[in-house]
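A short write-up of the structure that comes next.
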Amino acid sequence: MHAFILRRLLNMIPLLIGISFLSFSIMYMAPGDFLGELRLNPQISAETIEMMRAQYGLDKPFIVQYWLWFKEAFPMPGNWKINLGRSFQYHTPVTTLIGFYAFNTFLLSLTSAVLSWLIAIPIGIYAARKQYSFGDKVLTTLAFMGVSIPNFFLALIILYFVVRWELPLPIGGATSLGYDELNLWQKIVDRAHHLIIPTLVLTTGSTAGLMRYMRSNLLDTLRQDYVRTARAKGLSERVVVYKHALRNAINPLITFFGFEIASLLSGATLTEFVTSYPGLGRLLYGGLRANDYHLVLGGLMVGSVMLMLGNLIADIMLAWADPRIRYQ
Amino acid sequence: MATTPTAPSPGAPPVPAKAAEEYRGFSLTALAWRRFRRHKLAMYASVVLIILYAAAIFSPFLAPYSETRSNRQKYFHPPTKIHFFDENGRLTRPYVYNYRLVDVGRRIYEPVTTTKYPIKFFVKGESYKLFGLIEWDVHLYGVDSPAVIYPLGADHLGRDIVSRMLHGSRKSLFIVIPLIVITVSIGLMYGGISGYFGGRTDNIMMRIGEVVMAVPSFYLLIALAGVMRDVPAQQRFAAVIAILGLVSWAGFARVIRGMVLSLRQQEFVEGALAIGNSHLRTIVRHILPNTISYVVVSITLQVPGFIIAESSLSFLGLGVQEPFSSWGNMLSNATDLTNLTRYPWMLAPGFLIFITVLAWNYVGDGVRDALDPRAVTSGEPR
């Protein structure tokens, strides 16, 4: 198991290099000069711009520029610090900025993921056990609607009702103004309060998808021969369903967890945008609008790392849950 | 094809008499169609989609106004009420009133009940090109000026929401066709070559695919859209298609590669090569046709994603640009909370996206059930 994790982590290195090359090429192709924004800023002197120009080697060919960025961004012997460059917009190192925003997105995605699992699995089990019953039909229809409603549209509808009914929910931001003066407990409450709307939006879609998956998996498993055998030898229905069928039906869902992280990260971008939640997706979007290339590059890298780690965690959980799986 | 149930091979398990009877004389397609028809919701959803796509084709005729026609005096105009009964409660020809602005700041309009403007059908209006070819100026419905007919209200520039939704539907709905072509052709070729040659080729090709898949797709999408920032609004639509195509082929190619990997071990491949087919011809004519049912199912299931992706990009201002309309960019005008709560009719395009995606999801479900290979091999009619 340790060897497997180590190998997967080592595999991530070439993948990350590939991603960095892809992202850098995309940014290189983007229109507009790298320092154009800075030249317009009267606060920055011409010397500083020239210095940055030399520092980033902007007069050099593409591959050299890439190397200059790369050797700063990737920890290497002799230079273990990760330096993703500076944001032109915020005049701070990209790593600091992204750390702050990525935490918000992580919090939002994690809350939504946990909530949707807690809701979707019991509902999925119920729907599968009572297949074609009235409750099943209602739930499957709702799930279909849940996967079909675009995130941003749902967010707009929820915002509409929050404003219309004057619900006491904060719109926008991840924390209140006086957040720094609060004690730990108040901080948690404050964050939770701000998470309600974006989580609601994000959880709807992912719960619906997960529930449909759970239902069809369990239905598939309940048709298996070993379930018939379990029933035939006189086990109680509860044991048959929860001990024999469910455990097998849940395994594919764990793999699904990896995909879910991908879709949560993507969905989070739009949700963050509509609900003005300061997350990674919105930071990336803002950076793109402002020609803040280092920020966008960093965002793409951090987003990819989050996705890869999510997949790795899913694989580890699968190995832990399913004794048949052996990783050499 | 090897899986045709009408001619069971000698080694295959005997098909139950009743099932064999029922299936005799049907092709695989006919069987799939029979199963699809049994999926009621998928059938209803297909009807909804046919209506939506037909409306999109005839949109210039169905829409009373052109895509960019704005009325600066009428911005945030509420939905025009259509009266079917006159003030005495008698059924009459449907008519509307002209509206007058009563509160300039909050944009509140009131009907002027002195003159009635009957709704006319097949009226002459702005000229347009039907199917992009035939010059015509007749619209399905309209009213005489100065009255306007905005069944779902007007946006911040005084443009009819219904007209813009109809014009936008051509982009929002038909984007799926070029996308399907791009994804399927890239995915099949890439996956086919990778799986067929195997070894080092496969290794390199799959690592490249993994890089594309390892970046969260929406992040990649907005980064690519940023590159195409300078593309003028007229060519923007083509750019959006290109970006979505670039992002969506990798996962599909990977599954095709897996299928080709096992298919190429089969004897018919050796046979195809032995009678002198080139590698490319073997892949295209002999191996890839075997993946058809997976391709159809997977593409139908991807369509809702395409529609949502286009509207999301346009919603963020990175897709179809003003003055052209798409359902996504129409919604972006509703992000302002004041506009959203005062003029909720601006949300209308969202419901259309929702209905379209829902319908495609049901159709995808039906197609999957119909083409499920297990349903064919187990021989039990559903």
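The values are calculated or read from the model by the stated rules, or taken from the named source; none is laboratory data. No experiment lies behind these values; they were computed from the predicted model shown. Quick reminder, even Gly has a Cβ in these numbers, built from the backbone with ideal geometry, and neighbours come from all protein chains shown.
Observations on the structure shown:
- Taken together, the residues in the range B:154-188 that are in contact (Cβ under 8 Å) with a residue 12 or more places away in the chain and in a helix (DSSP H, G or I) amount to 24.
- Among the residues of the range A:157-175, those that are more than 10 Å from chain B (Cβ to nearest Cβ) and crowded, with 16+ Cβ neighbours inside 10 Å comprise A:158, A:170, A:174, A:175.
- Answer from B:36, B:76 - the residue that is over 30 Å from residue B:103 (Cβ atoms), modelled with pLDDT of 85 or more and either touching a Gly at 6+ places or on another chain (Cβ under 8 Å) or in a helix (DSSP H, G or I) (or both): B:36
- Filtered by the rule that a residue be of a type in the set (Val, Ile, Thr) and either more than 25 Å from the chain's Cα centre (by Cα) or at pLDDT below 85 (or both), the range A:149-178 gives A:162, A:163, A:171, A:175.
- Cβ-Cβ distances below 8 Å connect the following pairs, each with a first residue in the range B:323-351 that is more than 9 Å from every other protein chain (Cβ to nearest Cβ) and in contact (Cβ under 8 Å) with a residue 24 or more places away in the chain, a second residue that is of a type in the set (Lys, Arg) and in a helix (DSSP H, G or I), and a separation of six or more residues or different chains: B:324/B:171; B:324/B:236; B:325/B:164; B:325/B:171; B:326/B:171; B:330/B:164.
- Condition check for residue A:190: away from chain B (no Cβ under 14 Å) and either out of contact with any strand residue (DSSP E or B) (no Cβ under 7 Å at 6 or more places or on another chain) or within 30 Å of residue B:350 (Cβ to Cβ) (or both): yes
- Qualifying residue in the range A:133-148 (condition: more than 13 Å from chain B (Cβ to nearest Cβ), surrounded by 15 or more Cβ atoms within 10 Å (Cβ to Cβ), under 19 Å from the mean Cα position of the chain (by Cα) and more than 22 Å from residue B:328 (Cβ to Cβ)): no
- The residues of the range B:221-275 that are closer than 22 Å to residue B:201 by Cβ and of a type in the set (Lys, Arg), listed by number, are B:254, B:257, B:264.
- Number of positions in the range B:175-223 that are buried (at least 18 other Cβ atoms within 10 Å of the Cβ), of a type in the set (Phe, Trp, Tyr) and either over 25 Å from the mean Cα position of the chain (by Cα) or away from chain A (no Cβ under 11 Å) (or both): 2
- The numbered conditions (1) in contact (Cβ under 8 Å) with a residue 40 or more places away in the chain; (2) loosely packed, with under 14 Cβ neighbours inside 10 Å; (3) not charged (D, E, K, R) are all true for residue B:30 except (1).
- Residues that are facing chain B (nearest Cβ under 9 Å) and within 16 Å of residue B:318 (Cβ to Cβ) within the range A:269-286 comprise A:269, A:270, A:273, A:274, A:281, A:284, A:285, listed in sequence order.
- A single entry from A:303, A:286, A:298, A:310 fulfils the requirement of being touching a Ser or Thr at 6+ places or on another chain (Cβ under 8 Å) and assigned to a helix (DSSP H, G or I): A:298.
- Verdict on residue B:244 being free of Cβ contacts under 8 Å to residues at least 40 places away in the same chain, within 14 Å of chain A (Cβ to nearest Cβ) and part of a helix (DSSP H, G or I): no
- Members of the range A:1-26 found to be in a helix (DSSP H, G or I), exposed (fewer than 14 other Cβ atoms within 10 Å of the Cβ) and more than 10 Å from chain B (Cβ to nearest Cβ), listed by number: A:2, A:3, A:6, A:7, A:9, A:10, A:13
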